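The values are calculated or read from the model by the stated rules, or taken from the named source; none is laboratory data. None of these values were measured; they are calculated from a predicted model. Glycine also receives a Cβ, built like all others from the backbone with ideal geometry; neighbour counts cover every protein chain displayed.
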Amino acid sequence: MNRRFVTVFGGAVLALSVAACGGEGAGGDTEESAAPEDLTIGVSMPTQTSERWIADGDSVREQLEELGYQVDLQFAGDDIPTQSQQVDQMITQGADVLIIAAIDGTALSSQLQAAADADIPVIAYDRLIRDSENVDFYVSFDNYRVGVAQAEALLTGLGLRTADGAPGEATGPFNVELFAGSLDDNNAHFFFDGAMDTLQPFIDDGSLVVKSGQADIEQVAILRWQQETAQRRMEDLLTSSYNDGSRVDGVLSPYDGLSRGIITALQNAGYGAAANPMAVVTGQDAEIASVKLIDDGVQHSTIFKDTRLLAEQAVVAAEAFLAGEEPEANDTETYDNGVKVVPSYLLPVETVYRDDIQTALVDSGYYTAEEVAAGQTDG
Ligand code: GAL
């Protein structure tokens, strides 16, 4: 797991200076001169069923522990009451900062109130926590841009656009189906908005046809981002809209887990054979099973969001709070959580096609070539 750890910031030095300056303004019962060893960071992650959240949790924990902090890392099994209870417990056990990736972005208001009452700063991790003034900072990626990149990858795969953005040779019309993430996840809306703003002109001019007619986010969303639910929806779409000999040419999928469900449904229906090529299916997160599918020419693309760098930003923000400072934001406009605009640090994203696996994922040390070939990490 060490390869997931990036020591690109002078963390240890920073930690010492934090301790030396005292923890004024920091959360919980932080002592003036608290050393990292005496400080606990609560890290609440949504689920272990998705490989990305395990990597996120591990990265945050490793980076914090390297700096000497105590870490209370919990995964909530995609169950909202479990996450509420875990966060409650972190607060009562005296966490000094909370880093939370919420299952349901609106379900943690009372926990966040308790955190505020105890003067514990809260950092929303990748998923914005909504409807609460007690969210102090947000670390994520440029989520609208993710949606744009997914749509661009779909257009590129269909030949309506070249990889460098020029108009493609193809004219269509192509049949496509659309998927979105969980409606209770703020990100799902940003991804879908970015994608639809990009696809709409092609739908309007007839080069893309959503044959099912399902193009509203409410119609295409997949609760809890579940792979099985996506597979079922794709099966239903094939039965209801493609039983006349027509084929699905492309599928907008916002997350690799959904993409694998969609691909399974398509394969079960005979897609992927020479006479019936696999549809162009997009994705996100560069999960290892999907990277293998991309390497094998089955899945078309993914969006790589380096969880090591996201974890690093969460750690930098936590240390700023512990030093009594505001973390540095690079966006103070985009993420209105319904009560306030949450200052954010957003990281860039990278589209990965088959040809990019080596440079983006292997050369950067995110995966080894063996892991890509095997479709699983060594743990
Ligand atoms: C989103 C996240 C995506 C993907 C999805 C499903 O909140 O931004 O990258 O991981 O959850 O886990």
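Some notes on this structure:
- For segment 74-90, residues that are surrounded by fewer than 17 Cβ atoms within 10 Å (Cβ to Cβ) and in contact with a Ser or Thr (Cβ under 8 Å, 6 or more places away or on another chain) total 1.
- Hey, Tyr255 out of contact with any Phe, Trp or Tyr (no Cβ under 7 Å at 6 or more places or on another chain) and in contact (Cβ under 8 Å) with a residue 60 or more places away in the chain or not: no
- Of everything listed in (1) assigned by TED's automatic domain parsing to the domain that holds Gly157; (2) free of Cβ contacts under 8 Å to residues at least 40 places away in the same chain; (3) closer than 18 Å to Phe141 by Cβ; (4) not polar (S, T, N, Q), the single unmet condition for Glu287 is (2).
- Within segment 337-362, residues that are closer than 18 Å to Thr307 by Cα have Cβ atoms under 7 Å from residues that are β-branched (Val, Ile, Thr) and surrounded by fewer than 18 Cβ atoms within 10 Å (Cβ to Cβ) in these pairs: Ser344/Thr334; Val362/Thr368, counting only partners at least 6 apart in sequence or on another chain.
- Here the condition is being within 16 Å of the ligand (Cβ to nearest atom) and of a type in the set (A, V, I, L, M); of Ala116, Ala153, Ala170, Ala163, it holds for Ala153 alone.
- Pairs where the first residue, in segment 77-89, is free of Cβ contacts under 8 Å to residues at least 12 places away in the same chain and the second is part of a loop (DSSP other than H, G, I, E, B), C-beta under 6 Å, 6+ apart: Thr82/Ala76
- Filter result for the condition that a residue is within 16 Å of the ligand (Cβ to nearest atom) and buried (at least 22 other Cβ atoms within 10 Å of the Cβ), over Glu319, Glu287: Glu287
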